[in-house]
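Right, one structure below, let's go through it.
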Amino acid sequence: MGRRRASKPLLRVLYSSWQVLLYRILQHPDGTVLKQLQPPPRGPREQEFYNKVYDSDCCDSILLELREYLPKYFGVWSPPTAPNEMYLKLEDVTRKFNKPCIMDVKIGQKSYDPYASAEKIQQQVSKYPLMEEIGFLVLGMRVYHVSSDSYETQNQHYGRGLTKETVKDGIAKFFHNGYCLRKDAIAASIQKIEKILAWFEGQKQLNFYASSLLFVYEGSCQATTVRLSDVTLAEKRGVPKGLLSGGDILEYNNNIHLINSTENGKIEASVSKGLSKFYALHKKAYSKRHHSQLSLKVENLEQDNVWKSSTCITQEHLNGNVIPQLEKVFCHMPAEIKESVNVEVRMIDFAHVFPSNAKDEGYIYGLKNLITVLQNILDN
């Protein structure tokens, strides 16, 4: 999607936001995103799909349930200076995340629709010959690494280079934050895909081609924050004064907004920036007081509930290495809170959706294969 600065002075271009590395998405000042309508017949077909699903008079239970798995739709929008340019106005699925990790996965055994020409079919098949066998294709990903406080990006060439033997490791890369595998995010993703699969198993109205799943999870350890008031030592004299105070801020939606004030009078430090301070805290405290204790109370912002039991890291068990202990805290969450992990899995891209009287077996096949791969990553 091109950027037209002159005609859209009030809009902002989001790089690598929704469609990962494939498009530039415009952001409306109200926080929604604008996807430019594609040329006919694709654009009108996608608009018709959204209009049908989000029709205010819709009473079809299948379509009403489908809304749960899509970004919210707010109609069509045109800039005042270019009324002939049409945009789909959609929910920004990444907006609530501090450090969004994003992956776009095309689902189905065919990336071409039933009306595609022989030339189009050949073109699509040649892009990824394994699509029919694997049932999905990684179109791109963007992963936040806690260790370097930076993002790693992979484009569509990365996904097309994955084979049957390497696809598991290729997807696992999306869930690794530089310290550990985010098993909590994998488990939550599987649960959400299973719900989408159940919807497909129960409907015979629509078939989807060249459509994707958009995965988003919180890179700064499941949108958890470490409240400074909750980071204490049993003996305060072991804590260097001012070690955890100062300029930590929450970065909102990948540099779109910065929260430089505190909520409810409490300073909140993102985990990504707090880890280095934990190391400093550990090193200083360990040298001064071998048996002091560091208590970490981790709070889930989305649910605003404290874990049933706070996690304590005892210095005498650290043995000079805090990373394994932090992995236990942030990367291996209790089973009972996996549902509340800050993860989104939404269906996107509907330029090739067609009426049907049979189950969408190609899409179902892709979902099942993807679940199997994710489960194998989780089990291993």
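Filtered by the rule that a residue be loosely packed, with under 14 Cβ neighbours inside 10 Å, touching a Lys or Arg at 6+ places or on another chain (Cβ under 7 Å) and either farther than 16 Å from ALA172 by Cα or among the basic types (Lys, Arg) (or both), segment 344-376 gives ASN357, ALA358.
Okay, residues lined up against (1) in contact with a strand residue (DSSP E or B) (Cβ under 9 Å, 6 or more places away or on another chain); (2) surrounded by fewer than 16 Cβ atoms within 10 Å (Cβ to Cβ):
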| site | (1), (2) |
| --- | --- |
| ASN177 | yes, no |
| ILE193 | yes, no |
| LEU197 | no, no |
| GLU201 | no, yes |
| SER211 | yes, no |
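Screening segment 333-343 for residues that are surrounded by 13 or more Cβ atoms within 10 Å (Cβ to Cβ) and at pLDDT below 95 and picking the one that is nearest to the chain's Cα centre (by Cα) gives ASN342.
The values are calculated or read from the model by the stated rules, or taken from the named source; none is laboratory data. The structure displayed is predicted, hence computed values, not measured ones. In this analysis, Cβ positions are derived from the backbone assuming ideal geometry, glycine residues included, and neighbour counts consider all displayed protein chains.
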